[in-house]
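First up is the structure itself, then whatever we jot down about it.
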Ligand code: ARG
């Protein structure tokens, strides 16, 4: 058990006597690690709100609590400070026994949760047949880390890659295959040819789309321009009117910037296509391409033999393509149940919604009207087609019934937040009230300019190229750091460090925010990067190697811990906080808390190593104690990185 939990358990008993039952949990939440070690190791700040609730001076309450809580075996000093803070300092013996336990335990003393849940993690879930891009990395690495941490803490986890394998993109490649396939290229490399067909159809569709959209876009821009001229020309004396005029001008200008950008983008799309005569003749010959693509998709969904046959033929190639990336990222799923898996169940889902009177017909479409939203959730279109939400409802039913899920976590881009809000409300209306349904959303990956990360040409950045670049840059660093190493080892380091850096750059950000992607930053040897942690970890292994011990040999004959310098106690406490942090990660599904923890640990270790000689320790016993701290540090770094899906190396 971790210190925080132990302290909270003791306080829970005392709080039960004085606080209202429904307040106890939030009061216990106010027991936290101390911000500064002059306030002890942990701090209980619950006397302040309790004072308000009970109408008594917080200091009296704190004193009463300290007298009532039994902490003798756990804490040395328990002090009431200031208006009623309770500062707690752990007993050294308690810390040392926990360290000894951790050293002899593969799980580093981290205990499993008391109430394991069945947790489904829906992550990665790309739309196949389109190349995976930088945006997909976030869902993939955050989801994988959350799954691993849940599992480590004893939950029963089911990971599921909910592939988009049934959407319009298949209509596009089916159409492309029927009209534009290069048979020799397809035979030589189907994935490349299917990718080309997807892009080719996309470009033609975008061209026609742009041609159709441009006049209206240009007209709006002209109108905005006229309005701006008019407003700018107005003469006002009155202060308020002047202020309003200024505001209107600013607003109009802002709108015009966006509109101008849209017009330019459409013009570029058109000009780009027009510069390619081959493409233009195809575009002219396929003026109705958007409609036809939709028709191919509908035919597929209705079970048309030819289209279903093509889908069956293409899908394995699409899967092989994404699996290559998963292999490089070392990511596995328990299930890969894509949208197509649920296709047969959709009609019944809609029927059930109608029967239960939670869906109604509106203009021929079947809609679920939910409180608090402007628009309903459509589950069947007028033309009979089912939609993304319909599939997701079927998926919830399946996960609840087949897997008895207690929680379903959806690691998906924040732009889908409206979809998930509605989906979860609809699912609850439908009767799935028990399971936790959470959209673990995340922000956008930005380029240096603060705009969504794109290549120079304005395309989305492919995931494959990203991995190549990260690996090759990490290899350059490995060669620079260690020119003598044999080439295959350097390659291995480049791979582990490069992929690790990419994953960590993402995981170390608060997932809700956008973040700026930078190869230089993520591969930096200093700062909160995987590279720093990996080099630090290898250094700890090096210390042990130099003294001819291994974590296993230390484990086999644990000795006493000695705290000669304050930093030895600090490092120990940080090591023991591992379990606490892992539990914290799962409160709001934030892997960055684990990253911060590992970074603090590595920094603390550097201070320890600076101040506490290991080879030249004062005594054998002290050397052993310090080596044990080394073993625990490398164990925690390796396990922690592993839970983030990041490999580590004993030698770099
Ligand atoms: N395929 C979707 C996309 O790329 C993400 C799916 C997320 N999972 C889900 N159950 N809706 O946008």
With each run of n ≥ 4 DSSP H residues scored as -39500 (n - 2.57), what mean residue ellipticity at 222 nm is computed for the chain after dividing by its residue count and rounding to the nearest 500 deg cm²/dmol?
-> -19500 deg cm²/dmol
So, in Å, what gap is there between the alpha-carbon centers of the stretch 108-167 and the stretch 348-400?
-> 26
Crossing angle, helix 134-152 versus the chain [Cα axis fit, 0-90 degrees, rounded to tens] | 40
Fewest-first sequence of 587, 231, 134 by Cβ atoms within 10 Å of each Cβ = 587, 231, 134
Between helix 530-546 and the chain: long-axis angle, C-alpha atoms, 0 to 90°, nearest 10 | 40
What ranking of 133, 179, 417 emerges when the number of other C-beta atoms within 10 Å of each C-beta is taken as an exposure proxy, fewest first?
-> 417, 179, 133
Ranked on Cβ counts within 10 Å of their own Cβ, fewest leading, 568, 296, 101 go 101, 568, 296
Compute the projected area of the convex hull of the Cα atoms of the chain, averaged over all viewing directions, and report it in nm² to one decimal place.
-> 39.5
Estimated FRET transfer efficiency (residue 362, residue 320; beta-carbon r; R0 41 Å; 0.05) | 0.45
Tell me, how many Å apart are the Cα centres for the stretch 278-298 and for the stretch 43-101?
-> 72
So the FRET efficiency between residue 218 and residue 327, C-beta based with R0 = 60 Å and rounded to 0.05, is 0.80
Which angle between 0 and 90 degrees, to the nearest 10, do you get for helix 3-18 versus the longest principal axis of the chain when only C-alpha atoms count?
-> 90
Relative contact order of the chain, defined on C-alpha pairs under 8 angstrom at six or more residues apart (%) = 15
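Rule-based calculations on the coordinates, nothing more; no lab input. Here the structure is a predicted model, which is why all the values come from computation and not from measurement. As a convention, Cβ positions derive from the backbone with ideal geometry for all residues, glycine included, and neighbour counts pool all protein chains shown.
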